[in-house]
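S.K.: Starting off with a structure, shown below.
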Amino acid sequence: MFPHLRLSGSLPCLAAMPSIAPAMPTPSHLRFFLTSACPPHPFLSFGKSFFVRYCTRIGYTKPYQDQDPKQCPIPSKMQMESSFGGIVCKSRGCQTLCQPPGANVQQRPVSEICRIRDDVLQRKKSAVQITEDYLSRLHETEPHVKSFLYVSEKALEEAAELDRKLGNNEEVGPLAGVPIAVKDNLCTHDMPSTGGSRILEGYRPPYDATAVRKLREAGAVLLGKTNLDEFGMGSSTEGSAFQVTSNPWDLSRVPGGSSGGSAAAVAARQCAAALGTDTGGSIRQPASFCGVVGLKPTYGRVSRFGLMAYASSLDVIGCLASSVLDTAILLSVMAGEDKSDATSSKKDVPTYAASLLPLNLASSKPFEGLKFGIILETIGEGVNDGVLSLIRDAALHIEALGATVTEVSLPTFSKGLPAYYVLAPAEASSNLARYDGVRFGFRADGDELVSMYGQSRGQGFGLEVKRRILMGTYALSAGYYEAFYRRSQQVRTLIQKDFRTALEENDVLLSPVAPTAAFKIGEKANDPLGMYVGDLMTVNVNLAGLPALVVPCGLTEGGRHGLPVGLQMIGNAFEEGKLLRLGHLFEQTLPKINWTIPSVMDTKI
Amino acid sequence: MGLPGALPVLNEKVVEYAVKLGLGLHSDISLRSKFDRKQYFYPDLPKGYQISQFDIPICRGGYVEVDLPVEFGGGHRRFGITRVHMEEDAGKLVHAGGDGLSGSLYSQVDLNRAGVPLLEVVSEPDMRNGLEAAEYAAELQRIVRYLGISNGNMQEGSLRCDVNVSVRPKGQDKFGTKVEIKNMNSFSAMQRAIEYEVSRQVCLHEEGFESKIVQETRLWEEGSQRTITMRSKEGLADYRFFPEPDLPEVSITQAYVDSLLEDLPELPNTKRRRYESLGLIMQDVLVLANDSDVAAFLDAVLDKGADLKLTANWIMGDIAAYLKSEKTSISDVKLTPATLAELISLIKDGTISGKIGKEILPELLRKGGSVKEVVEAKGLSQISDPALIEGIIKQVLSSNPKQVEQYRGGKTKLQGFFVGQVMKATGGRVNPTVMNEILLRKLTA
């Protein structure tokens, strides 16, 4: 047997995740088990570190570093083969060791955008070929995943136009030939934009959202529109009026939401990257559930013009991709001031990708001197053990890269969720008033005006949307405004203050994205409150308007291949550059995990 | 249209206009104000909410000073301003398929003006009758025209007015139930609507039916000259105001306000006080200060050193008549203030007669040019040279010996005949004073 299995007996840390240790581990379980449970290398000095306090907190009083190095259970030959610190070496050792024989070892996440751009610019593949490849993969996987509400009929035309330009040596943008999917609550002039709602079934906007326009101008090929919870209201994409999307890692599970279609499409490699929107976690939670990178930029970084408003003071357009580098490239394209959005920021847009160092240029301790704070309130009760241990591993990995990780308490953290579920519905009740059957979208018959309004909205909106409109209307009504809306705004101010304090002491805050990995389709369908609680770790970031990056950090138990879990990294407003740089290094140094073997992924592109 | 994904953007100009208006109304300017959403469903409101200012309007307080027309007894009034706020206009409902709103079969929505910024001025309940209200509105119109922030045209809807009317028995402090009236498209309609509504409410009171005065919106019907119920406001509508998240707070600096204040033109009331102090009677003051272009023209003529009363008479007399008959405005005529000043001074120094002045005015208004040029081109300058006049008179007397004899025989009324003959001989260009003097001397010689 494997000698290091003895670890489970000697390391109390493992007691925190009993459900993970299988009786007879299959290779894939084993791999997970080891990458998540490998103790830190005893030679590394952790100081008063997260790990020490973590071990102390769970009752393990004698952390490894105090023990005799000779007792380190990792065979010494596995500690040698890396240019990185010992712990990376160790982790790599585990990874290699546990890789099932003959498995296709996936390289570290690479930039799909760079790969495609190289192919296109060096004429290895034409834009049409690339688009055809993605489209055929899309059509092959779509019956299982159901992530698209509409597939573009013009994608090949657009690609051909790019090839023509390339043939004439004309200038092409940074996204030349990159097939991108767009969440369906973003307006596209040449494709229907429904917001996932019956009330806009078949609606074609006369204009492109600013973010979409910028993608087009950069040469992206838009593949289609992805599924979502109606108007972004939901956390599972089951709230779509049209179809239920499946998680590519386990088709019986949800992809998360509301940008579930975009996340599933990226995970299933139906597109190179996708646009999403995030009002309370709608990019980050599906990114975590589907094992892709998700970026929620600072409020105001990307213009909201053309985004069907759910909660205007919280809505943000961001992106989902298979690597941090890709999200950095996309953000540089999308971000910037827009005269059509008065809340868009005038701040200059850096070339985010430029500061993302290739791994071989990074020092062995690239995080030296950085402080990471793990939000105490997000790693307590109610959080799945598998998720917790992966987040703790991620924290250990960050420490190994040279940073200090400490626990940070945000006292008002728990107040965020109720405040969010007052403010967001309040704004939604107002933003959705325009869907009245008069000028566009679905109209029901009515004897007179008021009954036409009532019938159109009654039949056009889904259950969750109606629930939020009612909650929001109530919260804004005379006599309740002070108790609900005003109170929640005060909470919002406190949450912003807490974040500010915590980010004065820390460069980046860490937390899980959701209390669990992807849950089963239907599991929470009749439990709206249960669904809301799942947003606990993400809504506060929207209330504070901060940027957050979700990077996959491992697989937890579930399904045939395990279920992905993401790490949420939260930064100061407009410090996306820092988040992306650190997220990139984290991603590129993380022990290798085969990110591309979900059940629908058997064909490779 | 309120399309999905569309966002509002604040028009910078409306902030400038709001501050100017606030300064003109002596209001306090809020350096920080914000927008709110006022929510209700109505077909003329595409988004289902109106972007307005609720608790922090851009201007608060202030007043308007009004001089009531002399023919209605005159008098000076000051009406309080509650606030001025910025908001977006709604669409326009066109009720079709019948005559008037009550008989219409269907309605059409014109969204062309939806989302266009407007300023709403709310007054204190200080007006006591229809006339005062109409005069207040007219003064407001004058102010916005003086400030150049609106043409104030009621027919086009550039200036609209909703009035609230309530009555209360003498000695009662509390205001009665207020009734809102809409659909008046002139100041006189406003005055008549208010007078009708006041008498309707007073009648109800006198007959003991004051409970029938309910909070409602009534419509002024121009045809039948009465107000009719449009919709009753059962209980207070809950507009569910909340801060507009799509627009940032409006933040302006004191320096910006000061710079606008510095550039503020002289406003109607100040102008009236100035004309009054210069000795014009109130009736003339009201006419001259009514139109900012006219007042500006007058001021420009005065700047050239012309006499106030003479200038005022020219403007209110011949020029006004010309403008009226030609249906044009003072800013569209070719006559410059300098030319009018020249005309007045040439008459005053005797170069031309007042009669000639009146004759050439239409040409100056139509074609412009200097008075001297026109006079010389037409040979119209006055003959004031005594020797020349004496020669002409001699000639007239010698060709009318019979009349001279009669005159000298005591029929002195014939002097007019001789004047007429001299005028005829000179084409009316002779200086009457000089001529009379010489004529008298010659006749009595």
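S.K.: Is it true that residue A:507 is out of contact with any Gly (no Cβ under 9 Å at 6 or more places or on another chain), more than 14 Å from chain B (Cβ to nearest Cβ) and more than 19 Å from residue A:233 (Cα to Cα)? Outline the logic, then answer.
M.R.: Details: out of contact with any Gly (no Cβ under 9 Å at 6 or more places or on another chain): no; more than 14 Å from chain B (Cβ to nearest Cβ): yes; more than 19 Å from residue A:233 (Cα to Cα): yes.
Judged against the criteria, residue A:507 is not a match.
S.K.: So, one more: With the requirement that a residue be crowded, with 21+ Cβ neighbours inside 10 Å and of a type in the set (A, V, I, L, M, F, W, C), what does region A:456-468 give you?
M.R.: Filtering region A:456-468 down to residues crowded, with 21+ Cβ neighbours inside 10 Å leaves A:456-457, A:460-461, A:465, A:468.
Result: A:461, A:465.
S.K.: Which residues, counting only those in region A:427-454, are part of a loop (DSSP other than H, G, I, E, B) and either more than 10 Å from chain B (Cβ to nearest Cβ) or of a type in the set (S, T, N, Q) (or both)?
M.R.: At the first step, the residues of region A:427-454 found to be part of a loop (DSSP other than H, G, I, E, B) are A:435-448.
Across region A:427-454, the qualifying residues are A:437, A:442, A:443, A:444, A:445, A:446, A:447, A:448.
S.K.: Any idea which residue in region A:186-212 is nearest to the other protein chains (Cβ to nearest Cβ), counting only those that are in a helix (DSSP H, G or I) and within 21 Å of residue A:455 (Cβ to Cβ)?
M.R.: A:200
S.K.: Continuing with this model, one more query. Please list, ordered by residue number, the helices (runs of 4 or more DSSP H) wholly in region B:205-297 having 2 or more residues that are among the small types (Gly, Ala, Ser).
M.R.: On the way: elements: B:254-262, B:268-277, B:282-290.
Hits in region B:205-297: B:254-262.
S.K.: Let me ask another. Filtering region B:330-347 down to residues that are surrounded by fewer than 20 Cβ atoms within 10 Å (Cβ to Cβ) and assigned to a loop (DSSP other than H, G, I, E, B), which residue is nearest to the chain's Cα centre (by Cα)?
M.R.: Step by step, filter region B:330-347, then rank; the result is B:331.
S.K.: Condition first: surrounded by fewer than 19 Cβ atoms within 10 Å (Cβ to Cβ) and at negative phi. Now tell me which residues in region B:261-280 satisfy that.
M.R.: Kept after step one, since they are surrounded by fewer than 19 Cβ atoms within 10 Å (Cβ to Cβ), are these residues of region B:261-280: B:261-266, B:270, B:273-274, B:276-279.
Selection gives B:261, B:262, B:263, B:264, B:265, B:266, B:270, B:273, B:274, B:276, B:277, B:278.
S.K.: In addition: Quick one: what pairs do we get from region B:137-164, first residue among the charged types (D, E, K, R), second exposed (fewer than 13 other Cβ atoms within 10 Å of the Cβ), C-beta under 8 Å, 6+ apart or different chains?
M.R.: B:145/B:151
S.K.: In the set B:70, B:116, B:122, which member is in contact with a Lys or Arg (Cβ under 7 Å, 6 or more places away or on another chain) and either free of Cβ contacts under 8 Å to residues at least 12 places away in the same chain or among the β-branched types (Val, Ile, Thr) (or both)?
M.R.: Working: B:70 fails: in contact with a Lys or Arg (Cβ under 7 Å, 6 or more places away or on another chain); B:116 fails: in contact with a Lys or Arg (Cβ under 7 Å, 6 or more places away or on another chain).
On inspection, the qualifying residue turns out to be B:122.
S.K.: Just the residues that are more than 16 Å from residue A:517 (Cα to Cα) and more than 22 Å from the chain's Cα centre (by Cα), please, taken from region A:369-404.
M.R.: Answer for region A:369-404, where residues must be more than 16 Å from residue A:517 (Cα to Cα) and more than 22 Å from the chain's Cα centre (by Cα): A:369, A:370, A:371, A:399, A:400, A:401, A:402, A:403, A:404.
S.K.: Now for a different question. For region B:247-295, which positions are within 14 Å of chain A (Cβ to nearest Cβ) and in contact with a helix residue (DSSP H, G or I) (Cβ under 9 Å, 6 or more places away or on another chain)? It would help to see each step written out before you state the result.
M.R.: We begin by selecting, within region B:247-295, every residue within 14 Å of chain A (Cβ to nearest Cβ); these are B:247-251.
Residue satisfying the conditions is B:250 alone.
S.K.: Kindly indicate which of A:416, A:380 is farther than 30 Å from residue B:1 by Cα, more than 14 Å from chain B (Cβ to nearest Cβ) and at pLDDT below 95.
M.R.: Working: A:416 fails: at pLDDT below 95.
Being farther than 30 Å from residue B:1 by Cα, more than 14 Å from chain B (Cβ to nearest Cβ) and at pLDDT below 95 holds for just one of A:416, A:380, which is A:380.
S.K.: Checking residue B:28 against (1) surrounded by fewer than 20 Cβ atoms within 10 Å (Cβ to Cβ); (2) under 21 Å from residue A:341 (Cα atoms); (3) away from every other protein chain (no Cβ under 14 Å), only one condition comes out false. Which one?
M.R.: (2)
Rundown of residues vs (1) aliphatic (A, V, I, L, M); (2) within 14 Å of another protein chain (Cβ to nearest Cβ), yes/no style:
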{"site": "B:54", "(1), (2)": "no, yes"}
{"site": "B:57", "(1), (2)": "no, no"}
{"site": "B:74", "(1), (2)": "no, no"}
{"site": "B:88", "(1), (2)": "no, yes"}
{"site": "B:110", "(1), (2)": "no, yes"}
{"site": "B:114", "(1), (2)": "yes, yes"}
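S.K.: For region A:471-483, name all the residues that are more than 11 Å from every other protein chain (Cβ to nearest Cβ) and either surrounded by 17 or more Cβ atoms within 10 Å (Cβ to Cβ) or in contact with a His (Cβ under 6 Å, 6 or more places away or on another chain) (or both). Before you say what the answer is, go through the steps one by one.
M.R.: Initially, region A:471-483 is screened for residues more than 11 Å from every other protein chain (Cβ to nearest Cβ), giving A:471, A:482-483.
Listed by number, the list holds a single entry, A:471.
S.K.: What number of residues within region B:380-408 are in a loop (DSSP other than H, G, I, E, B), closer than 20 Å to residue B:433 by Cα and not hydrophobic (A, V, I, L, M, F, W, C)?
M.R.: Restricting attention to region B:380-408, the residues satisfying the condition of being in a loop (DSSP other than H, G, I, E, B) are B:380-382, B:384-385, B:400.
Now narrow it down to the ones that are closer than 20 Å to residue B:433 by Cα: B:380-382, B:384-385.
Retained after the next criterion (residues that are not hydrophobic (A, V, I, L, M, F, W, C)): B:381-382, B:384-385.
Looking only at that region, the number is 4.
Condition check ((1) farther than 27 Å from residue A:501 by Cβ; (2) modelled with pLDDT under 95; (3) not charged (D, E, K, R)) across all residues:
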{"position": "A:395", "(1), (2), (3)": "no, no, yes"}
{"position": "A:439", "(1), (2), (3)": "yes, yes, no"}
{"position": "A:459", "(1), (2), (3)": "yes, no, yes"}
{"position": "A:470", "(1), (2), (3)": "yes, no, yes"}
{"position": "A:475", "(1), (2), (3)": "yes, no, yes"}
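The values are calculated or read from the model by the stated rules, or taken from the named source; none is laboratory data. All values derive from a computational prediction rather than experimental measurement. With ideal geometry, Cβ positions are generated from the backbone for all residues, glycine too; neighbour counts draw on all protein chains shown.
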